[in-house]
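Readers should treat all values here as calculations from the given coordinates under stated rules, not as data from a laboratory. Given the structure is predicted, the values throughout are model-derived calculations rather than measurements. Glycine also receives a Cβ, built like all others from the backbone with ideal geometry; neighbour counts cover every protein chain displayed.
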Amino acid sequence: MPRLSLTPRWILRSILALVVVGSLVAGAALTAAYEPPEVQTGTVESAANGTTYVAVQGFHFQGQGGEKKPARLIAAGPDGQPKWIYNGSKHGASWFYSVDPLENGNLLVVNTAPGETMVYELNPETRERVWQQNFSIEDTHDVDMINGDQLLVANMRNTENGTSNDRIFIYDLSEDEIVWEWYFKDHYPADTDKGISSEDWSHVNDVDKIGEGEYLISPRNFDQVAVVNRSTGEITMRLGSDDDHDVINEQHNPQYLESENGTPTILVADSENDRVVEYACSARTDGECQWERVWTVGNDQLNWPRDADRLPNGNTLITDSLGHRVIEVTPTGEIVWEVYTPWAPFDAERAAYGNEPGGPTMQDQNVSGSYELSGSAGETPGTGDGDATFPEWLTTTFGGTPLEGAATELADTWKGLSQWIKPVWMAPWTLVFVSVALVVGLLWAVAELLYQRRRVVGGVRRGVQHLR
């Protein structure tokens with residue numbers, strides 16, 4: 001019987017085969033034990049005051065909402081249990097963004113479809129629309145009702161003929177016309193972020209009326225929050241600046257607060273920094289605020305948070321988008337209320353307090369510093385104590401090494417893409433193992449083709465000659 005010759009080539013092939021097969025087997029085992037996140041209650045240490053409404057963006061592909069990861073509205077009761085779920089995919093919605101409680105108890109809802117934004121008043125008891133206003137604008141994230149019958153609109157992705165016309169505008173429902181407009185190109189340098197010719201220049205994701213003729217805006221891509229005066233058109237207050245990511249990095253849904261002594265304060269979901277922060281205007285120089293970071297919570301524990309509201313009891317309601325949950329946290333980071341709301345919640349509001357409730361600042365509560373989150377039920381991978389995701393593993397493993405920069409970049413890319421491409425039934429780490437198997441298998445196949453290129457070329461030639 002001839003002896004088996006274990007050449008270096010065959011040893012390498014065996015190792016590669018073990019890596020591919022082992023990765024697939026490990027991924028299959030993880031998925032077999034995996035339970036996909038559902039709408040469910042997490043930690044509830046104290047009941048919420050009434051209903052919490054959550055607008056869930058949902059995941060999509062090429063503008064079409066996914067049936068298994070739908071856009072939807074969720075009404076969660078005081079105990080976190082869902083009272084009802086409104087599935088947007090059954091009502092012409094690709095995504096849900098903003099949901100605001102109105103004074104009459106109904107909801108102002110913003111949802112979008114390709115090339116269109118739909119704003120309507122929804123009766124939460126019947127889930128029927130009272131009225132609807134359609135705009136031929138793209139991907140609008142926020143519309144607020146102001147002055148009784150006017151819509152304050154954050155209009156992004158408004159590029160025509162190579163120039164961005166991103167704007168804030170007010171639409172009067174009674175007059176059926178736009179009565180005020182403010183364009184970013186008139187107030188920001190053309191080279192801000194990726195430049196004025198970008199298809200998504202400002203990505204303005206929020207606008208709030210904070211006083212008579214004063215509007216708080218959030219141009220995400222400019223890494224800043226600003227206050228615009230309606231009469232003069234001037235920017236009267238600004239937090240952050242383009243690419244200064246130590247302050248805020250592609251933020252969402254800021255909230256304007258004032259301390260008892262009148263100190264301007266901004267609470268904001270610092271999305272790409274995976275934290276919620278609060279800044280106070282500690283002094284003014286030539287009329288410009290000098291901002292001090294007073295409070296930070298959930299640093300690198302949150303996963304792309306996109307909303308933070310201060311409640312009257314001093315706690316903060318946080319929408320942890322890629323953690324697929326909404327949490328209420330104390331000033332020291334303890335989670336006292338938690339509900340899981342896949343996929344990718346965007347906005348959460350407590351109905352009892354209306355839109356932008358406005359509780360006490362951290363300075364008024366004598367709280368400052370940075371606090372870790374504690375007390376999560378950990379129902380979504382990455383939200384529990386010690387439950388590391390692949391991006392967290394990368395940054396922890398390679399932190400402080402020469403590979404830290406590359407690992408951080410890969411972690412950020414993975415975190416942004418994996419949620420959109422991973423099937424509902426697949427465990428998060430399974431996608432990692434499958435990716436490893438695919439990459440190793442592809443490189444192996446390319447190497448074999450190069451090594452066997454003469455044989456391959458010869459086989460192709462013989463095949464062609466045979467066909468002739």
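A few comments on the model shown:
- Length added when fully stretched, Glu212-Ser197, from 0.36 nm per residue minus Cα-Cα: 2.1 nm
- Residue-averaged [θ]222 nm for the chain, counting only DSSP H segments that reach four residues, each worth -39500 (n - 2.57): -6500 deg cm²/dmol
- Nearby lysines by direct alpha-carbon distance to Lys194 (threshold 16 angstrom, same-chain neighbours under 8 apart not counted): Lys185
- In this structure the amide hydrogen of Arg325, modeled in the peptide plane, comes within under 5 Å of the amide hydrogens of Asp320, Thr341, none closer than 5 places in sequence on its chain.
- Near Gly354, once Lys and Arg are set to +1 and Asp and Glu to -1 for all other residues with Cβ below 10 Å from its Cβ, the sum equals -3.
- Neighbourhood net charge (9 Å Cβ-Cβ; Lys/Arg +1, Asp/Glu -1) for Asn147: -1
- Nonlocal amide H pairs with Asp307, under 5 Å, H built at 1.01 Å: Thr319
- Cβ crowding within 10 Å, taken as a proxy for footprinting-reagent exposure, orders Thr380, Thr263, Thr126 from fewest neighbours to most as Thr126, Thr263, Thr380.
- Antiparallel bridges, percent of DSSP beta bridges restricted to the stretch 41-371 (to nearest 5): 95 percent
- Qualifying GluC sites (Glu not before Pro) in the stretch 93-158, DSSP loop, other Cβ atoms within 10 Å at most 13: Glu103, Glu125
- Cα gyration tensor category, rounded, prolate or oblate, for the stretch 133-245 with a/c compared to 1.5: oblate
- Calculated from the structure at hand, P(r) over Cα pairs in 20 Å bins from 0, in percent is found among (1) 22, 52, 23, 3, 0; (2) 25, 61, 14, 0; (3) 22, 52, 19, 7, 1 as (3).
- Net charge of Cβ neighbours under 13 Å - reference Trp429; Lys, Arg +1; Asp, Glu -1: -1
- Span-rule helices in the chain, defined as complete DSSP H runs reaching 18 Å or more along the axis (Cα) with Kyte mean at least 0.0: 8-32, 428-451
- Distant-in-sequence amide contacts of Ser94, defined by a placed amide H-H separation under 5 Å and a gap of 5 or more residues or a different chain, comprise Thr112, Ala113.
- Spatially proximal lysines relative to Lys68 (Cα-Cα < 19 Å; intrachain offsets below 8 disregarded): Lys90, Lys422
- Computed 3J(HN,Hα) for the stretch 349-355, one whole-Hz value per residue from the Karplus formula 6.51 cos²θ - 1.76 cosθ + 1.60 where θ = phi - 60°, is 9, 7, 4, 4, 9, x, 7, glycine and proline marked x.
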